[in-house]
Amino acid sequence: MITVEDAKKLIQEQAGPLIPVTETLTQAAGMVLAADIFSTLDIPAFNQSSMDGYAFSFSGWQTHTTLQIAGEMQAGSNETIAFSSEQAIRIFTGAPVPEGADTVVMQEKVTTENGKLIIQDERLSPGGNVRLQGSEIKSGALALAAGTFLSPAAIGFLAGIGITTVEVYRKPIVSIIVTGKELQQPGNPLQYGQVYESNSVTLTAALRQINIRDVKVSLADDDLVILKTILELVMKESDVVLLTGGISVGDYDFVLEAVSQCGVKKIFHRVKQRPGKPLYFGKKNHQLVFGLPGNPSSVLTCFYEYVLPALQKLSNHTNNGLKILQAPLAKSFQKPEGLTHFLKGFYDGEKVRALDAQESYRLSSFARANCLIKIDEDTTHCDEQENVEIHLLPE
């Protein structure tokens, strides 16, 4: 067995960003930019009013005090209006500020009488309420650098400067292979000796939570030929393969033999941890293969601690893994030496407590957990109020 730290290091060494692709802005949301983007024009492309009011020359107003209203300018208008320093133009939010005007006063700060404008804003200064041409970004300026995560705001910013497609690191294609003769699909009656299959549903939900939607699920009996056939098929179209169950050394555990016969190079098998000790990781060309234990809690723990960082690296995310904090324990904890423990926990913002039902086959505590508590392999006792490392689960 290898340590948790060594296992994570090996995965990071073997995983690398996928080849960039070109996507529309809508499809690129949640991805990472693969190339710098430069603006091809000034934004705004003209001096623009930031509110409903009146546009005028500030120096003209100081000279004449009262201004003659000479027309109006709506948002989207391409009309050219010329006026003198003695005049003002009724203007609306987003409309072009006419040539000769440099200031806009909000409509709540004026009165009008017989076509004349009387300004009653003592705080108004030259250039007030005008968005200058190029104040958002200048033509030729860097809009977003390669490596930027395309959040909704980033997508909106790019749309606002006229960008329609971007080069991004694509999300990986993931295949899930669930093994086990004892598994029954939810919705069907359970026969004696059967359990409901939940691992594929759990993993698919976890993948959707990080915006990976190209997911294929296959079911395999505890049969080497069947498993190898399915594995060969999914590896033709997958970047990552997740196998659940069959990774130990029992008479009906065929995952190790199947991945070997399919040409997958073993990087490691078995990690000094609980749950998830039988964890397997291998690679063939650029494809990553994870053999996850069959117990539901082990599957999800291994996904968050090992698979998630690999998927993020494939997509070139800078945040490789769960957010890590230190928090005081609400109650003391003991464990044997030799294995790192990942405990389902709940962090209330001040303290963290280990939940009950920590067994690897039980998901009920995981359903209430918002973090995993990591207790190192050499640690045997943690006191109440002692700081421990917690890994916050995605929300």
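So the values come out like this:
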read-out: Among the listed pairs 331/374; 171/236; 277/335; 265/323, those beyond 19 Å (Cα-Cα); value: 265/323
read-out: Stokes-Einstein translational diffusion, segment 228-323 - Kirkwood Rh over all Cα pairs, 0.692 mPa s, 37 °C, in µm²/s; value: 240 µm²/s
read-out: In sequence order, calculated HN-Hα J values of segment 77-92 (Karplus, 6.51, -1.76, 1.60; Hz; x Gly/Pro); value: 6, 10, 6, 9, 10, 10, 8, 8, 5, 8, 10, 9, 10, 5, 9, 10
read-out: Tail fraction, Cα-Cα pairs, segment 48-131, threshold 23 Å, whole percent; value: 8 percent
read-out: About the Cα centre, charge dipole magnitude for the chain (Lys/Arg +1, Asp/Glu -1 at Cβ), debye; value: 840 debye
read-out: Note, ³J(HN,Hα) from phi for segment 255-265, Karplus 6.51, -1.76, 1.60, rounded to Hz, x at Gly and Pro; value: 4, 4, 5, 5, 5, 5, 5, 8, x, 7, 7
read-out: FRET efficiency, residue 138 to residue 23 (Cβ-Cβ, R0 35 Å, nearest 0.05); value: 0.85
read-out: Percent breakdown of C-alpha pair distances by 10 Å bin, ordered from the shortest bin, for segment 84-141; value: 18, 50, 23, 7, 1
read-out: Principal axis box of segment 75-185, alpha-carbon based, largest edge first, Å; value: 89, 36, 28
read-out: Sites residue 257 and residue 159, calculated FRET efficiency, Cβ-Cβ separation with R0 45 Å, nearest 0.05; value: 0.30
read-out: Summed side-chain charge close to residue 377 - residues other than residue 377 whose Cβ falls under 11 Å, Lys, Arg +1, Asp, Glu -1; value: 0
read-out: Under 5 Å, built H, 5+ apart or other chain: amide partners of residue 268; value: 281
read-out: Calculated from backbone phi, Karplus (6.51, -1.76, 1.60) coupling profile of segment 268-282 in Hz, x at Gly/Pro; value: 7, 8, 5, 10, 6, 8, 9, x, x, 4, x, 3, 10, 9, x
read-out: Estimated [θ] at 222 nm from DSSP helical runs (n ≥ 4, -39500 (n - 2.57)) normalised by residues in the chain, nearest 500; value: -5500 deg cm²/dmol
read-out: Least to most buried among 112, 379 (fewest other Cβ within 10 Å first); value: 112, 379
read-out: Dipole magnitude of segment 323-392, debye to nearest 20 (Cβ charges: Lys/Arg +1, Asp/Glu -1, about Cα centre); value: 400 debye
read-out: Pair residue 66, residue 41: separation of 7 Å Cα→Cβ label points (nm); value: 4.2 nm
read-out: Ratio of the Cα radius of gyration of segment 278-371 to 2.2 N^0.38 Å, where N counts its residues; value: 1.22
read-out: Longest to shortest principal axis, alpha-carbon extents of segment 124-280, angstrom; value: 83, 38, 32
read-out: Average silhouette area of the chain, convex hull of alpha-carbon atoms, in square nanometres; value: 27.6 nm²
read-out: Distant-in-sequence amide H partners of residue 147 (H built 1.01 Å from N, under 5 Å); value: 33, 34, 35
read-out: Amide H contacts under 5 Å for residue 2, placed H, 5+ residues apart; value: 271, 272
read-out: Residues 222, 348, sorted so that the one with the fewest Cβ neighbours within 10 Å comes first; value: 348, 222
read-out: Which of 138, 216 has the fewest Cβ neighbours within 10 Å, and the rest in rising order; value: 138, 216
read-out: Among 246, 35, 54 the positive-end extreme of the charge dipole of the chain (Cβ point charges); value: 246
read-out: Spatial extent of segment 1-144: Rg and Dmax, with the Cα atoms as the point set, Å; value: 25.2, 90
read-out: Label-point separation, residue 326 to residue 86 (7 Å along Cα→Cβ), nm; value: 7.5 nm
read-out: Computed P(r) (all Cα pairs; segment 323-392; 5 Å bins; percent); value: 4, 19, 30, 27, 17, 4
read-out: Candidates 310, 357, 82: whichever shows maximal mean-square fluctuation once the chain is modelled as a Gaussian network with Cα springs under 10 Å; value: 82
read-out: Chain lengthening between residue 192 and residue 379 when straightened (0.36 nm per residue, less Cα-Cα); value: 63.2 nm
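Laboratory data are not the source of any read-out in this text; all were calculated from the coordinates shown. Treat the numbers as computed from the prediction; the structure is a model and nothing was measured. Positions of Cβ are backbone-derived with ideal geometry, glycine not excepted, and every protein chain shown enters the neighbour counts.
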